[in-house]
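**Q** Mind looking over this structure? Questions follow.
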Amino acid sequence: MIRMESVTKRYPDGTVAVDRLTLEIPDRAITVLVGPSGCGKTTILRMINRMVEPSEGTILLDGEDIQRQPVTRLRRSMGYVIQNAGLFPHRTIVDNIATVPRMLGWGRHKARARARELMERVGLDAALAERYPYQLSGGQQQRVGVARALAADPPVLLMDEPFSAVDPVVRKGLQDELLRLQAELGKTIVFVTHDIDEAVKLGTKVAVLRTGGTLAQFAPPAELLSDPADAFVEDFLGADRGIRRLSFFPSGRLELTTEPVVRVDATAERIPDARPLLVTDADGRPLGWAEPRDLTAGDIRPERLLPYGRPFVPGTDSLRVALDCAVLSPTGWAVAVDAEGRVTGVVSQQTIGEAIRDAHRADAEVAG
Ligand code: ADP
């Protein structure tokens, strides 16, 4: 565990970047430092690997003061990933990743084999191994940065805005990849971002900092969204805090109904009376919502169906996704499917609304 005890950083020009910060960073979890630009996030991260020395206070790694450790040993136990990856431009991808193992004295063959294994781990095509960084996209370079940080298998990973310079779609991919990787590797990750959505998505725990380097709140994301400590945190979380909080509520208990679901080849007399009516193909996959006029005629024509939007998977998706499906649906009903994409039922906005109220109530009771 990394523990910061009343740590202050005053730069030579008098700027107090971090002010008496006490923080316990749990093992094998992702701790996110988030806050407005200039609130001291990078300074905190760099104090952990001693690229910046604190003016006051102590940082402990597994109970040992990091000041008392040789800096080289400390840094070997900590991978470091930065924005724009910071790759060596004149080294190939495989040699970039093999840098630290080579520094540690591994043979060239073994280091390169390790690098190739890591490329696969982080989702990079082996064909890229002999290319140079400029021949890769921003997202691919960022993956190389992560692979390089992981090369010597350090227990700690420090990540400073690693995904900030890539476009939103690539960024989402990198975030998902990091979560997948973390589920496999279980590193102690300290992740800096100024993006609250990224913080909420990635963090096991999130530290919200305010300008001047003081801690506003340190909590799991769901708690941050439900109980912001003060107006600053609430403001930082943004206007749609309530909607975002729904990401933490499961959709598995939503009551579905199959009454309005009908197969496209159903005979006229078997078409249910329900409105609206969801039409599936013979395999049970959704085709669309039927227009009332077609139903009256007992005549379902696939080409006239209304789009069903995006279905959700109960149990896998959150209440937020279910609500989004209902909001996007032309009928106001969300379509539930199983993992194979077959319809398991439909649910109205109203029912989802009731489930949200129930979830809030249950949550408030647990909170006491
Ligand atoms: P963040 O990562 O949250 O943007 P930083 O840790 O980079 O914040 O900076 C915190 C504060 O310390 C800012 O006011 C910044 O200008 C100042 N600062 C950072 N590095 C130095 C430095 N080397 N000398 C003087 N001031 C610095």
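**Q** Could you size up the charge dipole of the range 128-248 around its Cα centre, putting +1 on the beta carbon of Lys and Arg and -1 on that of Asp and Glu, and report it in debye to the nearest 20? Provide the component values of the computation, followed by the final result.
**A** Working: 13 positive and 17 negative charges, 54 e Å.
The calculation lands at about 260 debye.
**Q** Let me ask another. How far apart, in nm, are the 7 Å Cα→Cβ label points at Asp230 and Glu24?
**A** With each label point 7 Å from Cα toward Cβ, the separation is 2.2 nm.
**Q** Distances longer than 21 Å among the Cα atoms of the range 261-357: what percent of all pairs is that? Don't jump to the answer; show the numbers that get you there.
**A** Values: 1379 of 4656 pairs.
Taking all Cα-Cα pairs of the range 261-357, the fraction more than 21 Å apart is 30 percent.
**Q** If you take the charge dipole of the chain about its Cα centre, with +1 on Lys and Arg Cβ and -1 on Asp and Glu Cβ, which of Ala362, Ser318, Leu306 is farthest toward its positive end?
**A** Result: Ser318, furthest along the dipole toward the positive end.
**Q** What are the principal axis extents of the Cα atoms in the chain, in Å, biggest first?
**A** So the three principal-axis extents are 82, 52, 31 Å.
**Q** In Å², and per residue, what accessible area does the range 261-357 have when probed at 1.4 Å with the other protein chains present? Can you show the working numbers first?
**A** Values: 4860 Å² over 97 residues.
Ligands and nucleic acids excluded, the result is 50 Å² per residue.
**Q** Cα axis of helix 168-185 to longest principal axis of the chain: angle in degrees, 0 to 90, nearest 10?
**A** Around 70 degrees separate the two axes.
**Q** I would also like to ask the following. Probe radius 1.4 Å, ligands and nucleic acids ignored: give me the carbon and sulfur share of the accessible area of the chain as a rounded percent. Can you show the working numbers first?
**A** Numbers: 8790 of 17700 Å².
The nonpolar share, carbon plus sulfur, comes to 50 percent.
**Q** For the range 228-283, which GluC sites (Glu not before Pro) are both in a DSSP coil and crowded by at most 14 other Cβ atoms within 10 Å?
**A** Filter output for the range 228-283: Glu255.
**Q** Also, quick follow-up: Based solely on its DSSP helices, what 222 nm [θ] is calculated for the chain when runs of n ≥ 4 H residues each add -39,500 (n - 2.57) and the sum is averaged over all residues, nearest 500 deg cm²/dmol?
**A** Result for the chain, helices only: -10000 deg cm²/dmol.
**Q** Another question, if that's okay. Using a 1.4 angstrom probe on the protein heavy atoms only, line up Asp273, Asp62 by accessible area, largest first. Could the numbers behind the result be given before it?
**A** Details: Asp273 140, Asp62 115 Å².
Putting Asp273, Asp62 in descending order of accessible area: Asp273, Asp62.
**Q** Under 30 Å between C-alpha atoms is the cut-off here; go through the range 2-244 and count lysine pairs that meet it, provided they're at least eight residues apart or on different chains.
**A** Total qualifying Lys-Lys pairs in the range 2-244 comes to 14.
**Q** Same structure, new question: Write out the GluC sites (Glu not before Pro) in the range 105-212 meeting two conditions: DSSP loop, and at most 13 other Cβ atoms within 10 Å of their Cβ. Provide the component values of the computation, followed by the final result.
**A** Working: sites: Glu117, Glu120, Glu130, Glu177, Glu184, Glu198; in loops: Glu130.
Those that pass, being in a loop and sparsely packed, are Glu130.
**Q** Roughly how big is the chain's charge dipole about its Cα centre, with Cβ charges of +1 (Lys, Arg) and -1 (Asp, Glu), in debye to the nearest 20?
**A** Working: 46 positive and 50 negative charges, 354 e Å.
That gives a dipole near 1700 debye.
**Q** Starting from 0 in steps of 5 Å, tell me what percent of the Cα-Cα pairs of the range 1-157 lands in each bin.
**A** With 5 Å bins starting at 0, P(r) equals 2, 9, 17, 18, 16, 14, 12, 8, 4, 1.
**Q** Report, in debye and to the nearest 20, how large the dipole of the range 222-368 comes out about its Cα centre when Lys and Arg carry +1 and Asp and Glu carry -1 on their Cβ.
**A** Working: 16 positive and 25 negative charges, 63 e Å.
Dipole of the range 222-368, to the nearest 20 debye: 300 debye.
**Q** Taking DSSP loops as anything outside H, G, I, E and B, show the longest stretch in the chain free of trypsin sites (Lys or Arg not before Pro) there with at most 13 other beta carbons within 10 Å.
**A** Numbers: sites that count: Arg28, Arg253.
Between exposed loop sites, the widest span is 29-252.
**Q** Taking amide H positions as placed 1.01 Å from N in the peptide plane, with prolines and chain starts having none, which residues 5 or more places from Val18, or on another chain, fall under 5 Å of its amide H?
**A** It is Lys9, by chain and number.
**Q** Which residue, chosen from Ala147, Val16, Ala115, occupies the Cα position most advanced towards the positive end of the dipole of the range 2-244, where the dipole is computed from +1 (Lys, Arg) and -1 (Asp, Glu) charges on Cβ about the Cα centre?
**A** Ala115
**Q** What residues qualify as long-range amide H neighbours of Ala165, i.e. H under 5 Å apart, gap of 5 or more or another chain, H built at 1.01 Å from N?
**A** Residues meeting the criterion, in which the H sits 1.01 Å from N, are Asn84.
**Q** Taking the Cβ of Asp281 as the center, what net charge do the other residues with Cβ under 11 Å away carry, scoring Lys and Arg +1 and Asp and Glu -1? Kindly include the intermediate steps, with their values, before the conclusion.
**A** On the way: positive: Arg263, Arg285, Arg342; negative: Asp265, Asp283.
After counting each charged neighbour, the total is +1.
**Q** Also, quick follow-up: Could you tell me which residue out of Gly341, Ile352, Ala282 lies farthest along the dipole of the range 261-357 toward its positive end? Charges go on the beta carbon: Lys and Arg +1, Asp and Glu -1, centred on the Cα centre.
**A** Positive-most Cα among the choices belongs to Ile352.
**Q** While we're on this one: Just Glu340, Glu64, Glu354 to compare: in a GNM of the chain, with alpha carbon springs under 10 Å, which one fluctuates most?
**A** Residue with maximal mean-square fluctuation among Glu340, Glu64, Glu354: Glu340.
**Q** Another question, then. Given a 1.4 angstrom probe, what's the average accessible area per residue across the range 2-244, in square angstrom? Provide the component values of the computation, followed by the final result.
**A** Values: 10820 Å² over 243 residues.
That works out to 45 Å² for each residue.
**Q** Of Met1, Met159, which has the most accessible area with a 1.4 Å probe, and how do the rest follow in descending order? Could you put the intermediate results ahead of the total?
**A** Numbers: Met1 75, Met159 0 Å².
Largest accessible area first, the list is Met1, Met159.
The values are calculated or read from the model by the stated rules, or taken from the named source; none is laboratory data. Keep in mind that what you see is a predicted model, and the values were worked out from it rather than measured. Methodologically, a virtual Cβ is constructed for each residue, glycine included, from the backbone with ideal geometry; neighbour enumeration extends over all protein chains shown. Keep in mind that these areas ignore ligands, DNA and RNA; they rest on the heavy atoms of the full protein, side chains included. Shrake-Rupley method; radii C 1.70, N 1.55, O 1.52, S 1.80 Å.
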